[in-house]
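So the structure is just underneath, and the comments pick up after that.
The values are calculated or read from the model by the stated rules, or taken from the named source; none is laboratory data. Bear in mind the structure is a predicted one, so any value in this text is a computation, not a measurement. Virtual Cβ from ideal backbone geometry, glycine too; neighbours counted across all protein chains shown. The accessibility values were calculated without ligands, DNA or RNA, using every heavy atom of the protein model including side chains. Shrake-Rupley method; radii C 1.70, N 1.55, O 1.52, S 1.80 Å.
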Amino acid sequence: MTNIAFIGLGNMGGPMAANLVKAGHSVRGFDLEAVSRGAAAEGGVTIGASNTEIVADADVVVTMLPAGRHVIAVLDEILGTARQGSLIIDSSTIDFDNARRAHAMAKQRGFHFLDAPVSGGTGGARAGTLTFMCGGDDAAFAAARPLLENMGKRIVHCGGAGAGQAAKICNNMILGATMIATCEAFVLGEKLGLAPQALFDVVSTSSGQSWSTTAYCPVPGPVPAAPSNNGYKPGFASALMLKDLRLSQEAASSVGATTAMGALATQIYAMHNAWGEGGADFSGIIHLIRGKEK
Ligand code: NAD
């Protein structure tokens, strides 16, 4: 059993913390929002009075926060009271520069730190089947791994500081671009009189195949578990896809990488969000491409 402090008990953090409780750990949590604190308490998390209070006795601190600025602010808040030498795991999706900054801040004060963003969405968080993409030294990864296994099914050590965030934004840049390309093909097929199931049967076993078709087909029918069969409820919200694509573009410009497809995907998801669909699943971008009412 490990004493864990969990900061950020929202849509992802709440169920992740509950899985740590289920695995037998002592988990104290805090969130600024009363509704998140309440939901996590129902999952067995002991709610503390503040971030600083819950970290004082923790061997491991997990953060699951909206963006880089929140992670830096929380580190500023807790590094003075957290137990010296403890391990901090940040599972938020944040920008590469702040991920590196977080590592440096923690290391300078004598803490171990791992960036460990996830994929798998809220369903994966509840089911404990997330993929963790980890960046940090071998000792931090080895210490974190058993806990991450309580919340996920694939744990990948991607490299040093920031490598987890780098892997996450590269993966999601591919995902955003392939989803748009997949939607364009299904809409073109419709206009050419092709049944979606026929196109699925070909693409899912041919060279146009990708996860966007086989696991997450954006037209209703071929993949029963896909959000397209559930009114395009997320799943993975278009607003979060836009966030990750923007992170990819910030990172690309900071290192001078050419990401023309990623840049275009960012603009198309920005249009989808401006259309009022940020809360819909990202595969709902097919409606924008079709040019018809949602
Ligand atoms: P969320 O907004 O539901 O949860 C974030 C929580 O952090 C909120 O409850 C908020 O009150 C809390 N918070 C903010 N500042 C705080 C502070 N200073 N102290 C304590 N709590 C604070 O977001 P989420 O959907 O749980 O996502 C969390 C992270 O995971 C994000 O970085 C997101 O990009 C990433 N992510 C989300 C999904 C998804 O499907 N939701 C999938 C993969 C990755």
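GluC sites (Glu not before Pro) within the stretch 23-116: which are DSSP loop residues with at most 16 other Cβ atoms inside 10 Å?
Values: sites: E33, E42, E53, E77; in loops: E33.
Within the stretch 23-116, the qualifying GluC sites (Glu not before Pro) (loop, at most 16 other Cβ atoms within 10 Å) are E33.
On a C-alpha basis, how far is the centre of the stretch 117-143 from the centre of the stretch 156-198 in Å? Whole number, if you could?
20
For a quick check of understanding: with a 1.4 angstrom probe and all protein chains in place, what accessible area in square angstrom does R100 have, to the nearest ten?
Roughly 120 Å² of R100 is accessible to a 1.4 Å probe.
For the stretch 68-99 and the stretch 31-61, write down the distance between their C-alpha centroids in whole Å.
16
Based on the mean of other Cβ atoms within 10 Å per residue, sort peptides 180-190, 223-233 so the most packed one is first. Don't skip to the end; give the middle numbers.
Numbers: 180-190: 18.9, 223-233: 16.5.
Ranked from most to least packed, the peptides come out as 180-190, 223-233.
Using a 1.4 Å probe on the protein heavy atoms, what percent of the accessible area of the chain belongs to carbon and sulfur?
Working: 7230 of 12920 Å².
Carbon and sulfur together cover 56 percent of it.
Taking a probe of 1.4 angstrom, what is the accessible area of M261 in Å², to the nearest 10?
For M261, the solvent-accessible surface is approximately 130 Å².
Could you tell me which of rounded, prolate or oblate describes the chain, using a ≥ b ≥ c as the square roots of the eigenvalues of the alpha-carbon gyration tensor, with rounded for a/c under 1.5 and, failing that, prolate when a/b is larger than b/c and oblate otherwise?
Values: a/c = 2.21, a/b = 1.80, b/c = 1.23.
Prolate is the answer for the chain, as a/c is 1.5 or above and a/b outweighs b/c.
Of K107/K153; K191/K292; K22/K153; K233/K292, which ones are farther than 22 Å apart at the Cα?
Working: K107/K153 28 Å; K191/K292 13 Å; K22/K153 15 Å; K233/K292 18 Å.
Pairs exceeding 22 Å: K107/K153.
Which one of A167, Q197, S207 has its Cα pushed farthest toward the positive end of the charge dipole of the chain, where Lys and Arg give +1 and Asp and Glu give -1 at the Cβ?
Q197
Let me check I've understood the local charge: for V255, count other residues with C-beta under 15 angstrom from its C-beta, Lys and Arg +1, Asp and Glu -1. What total comes out?
Working: positive: R100; negative: D95, D97, E250.
It works out to a net charge of -2.
Between D57 and D201, what is 0.36 nm times their sequence separation minus the Cα-Cα distance? Round to one decimal in nm. If you can, show how the numbers build up before the last one.
Numbers: separation 144, 0.36 × 144 = 51.84 nm, distance 5.49 nm.
Between D57 and D201, full extension yields 46.4 nm more.
Rounded to the nearest 0.05, what FRET efficiency do L264 and L192 have when you use their Cβ-Cβ distance and R0 = 25 Å? Intermediate results must be reported in sequence, preceding the final value.
Numbers: r = 23 Å, r/R0 = 0.94.
Calculated transfer efficiency: 0.60.
With every protein chain present, what is the per residue accessible area of the chain (1.4 Å probe, Å²)?
Values: 12920 Å² over 294 residues.
In whole numbers, the chain has 44 Å² accessible per residue.
For the chain, what is the mean residue ellipticity at 222 nm derived from helices alone (per DSSP H run of n ≥ 4: -39500 (n - 2.57); sum divided by total residues; nearest 500 deg cm²/dmol)?
Values: 13 runs with 145 residues, N = 294.
Value at 222 nm, helices only: -15000 deg cm²/dmol.
In nm, what is the difference between 0.36 nm times the number of residues separating R246 and T81 and their Cα-Cα distance? Please list the in-between numbers first.
Numbers: separation 165, 0.36 × 165 = 59.40 nm, distance 3.36 nm.
Extending this stretch completely gives an extra 56.0 nm.
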